[in-house]
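The block underneath contains the structure these notes are about, expressed in structure tokens.
The values are calculated or read from the model by the stated rules, or taken from the named source; none is laboratory data. Keep in mind the model is a prediction, meaning the values are calculated, not measured. In this analysis, Cβ positions are derived from the backbone assuming ideal geometry, glycine residues included, and neighbour counts consider all displayed protein chains. Side chains are part of the model used for accessible areas, which takes the heavy atoms of the whole protein and leaves out ligands, DNA and RNA. Shrake-Rupley method; radii C 1.70, N 1.55, O 1.52, S 1.80 Å.
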Amino acid sequence: MHIIQAAVLLVVVIMSWGKRMGTSLMSPLKSTLKQELDINNTQWASLISMVWVVGTVSPFIAGLFIDTMGTPLAGAVSIALILLGNGLCAVAVGMQKLNIFLLGRAIYSMGGGAVFLVGEVIMMKWFKGRQLPLAFGCASTIGGLMAFSGPAVVTAV
């Protein structure tokens, strides 16, 4: 593996970090968010399912964006959506508004579903032959380990 390929792999892993961390934050924050947003278990379930529902369709939409805008711009847009969605969620907690929190989770989920597809397209461009499955395996393993960072941060704070 060349140094440029290692850098590309690092960028792909970092791109997906926000998505993995944002998803894994919800469980440790359940009691705090339920209290801050004044919601019940049914409303909590809608918050959790928002990521999965929107994330199911967003890779298709991301594929269209990648075809029309190109990978770099689609990657920037997906990361911006993750940041915007998480920022909106933070504002919603301060305002104690469930509907704004749901909107933030939907925006976050759109970016999150797209960021993985963008990363895969980038890896397919830079890795060929036997390197490609190794790159996918490394990115997936490191990404899975990064999912622990969300609960670890919440627990430490």
**Message:** Six or more apart or on different chains, Cβ atoms under 6 Å: show the pairs whose first residue is in segment 1-22 and without any contact (Cβ under 8 Å) to a residue 12 or more places away in the chain and on the phi > 0 side of the Ramachandran plot and whose second is of a type outside the set (Phe, Trp, Tyr) and surrounded by fewer than 19 Cβ atoms within 10 Å (Cβ to Cβ).
**Reply:** none
**Message:** Quick check on my filter: what residues within segment 111-135 are under 17 Å from GLY75 (Cβ atoms) and open to solvent by 30 Å² or more (accessible area, probe 1.4 Å)?
**Reply:** PHE116, LEU117, GLU120, VAL121, ILE122, MET124, LYS125, TRP126
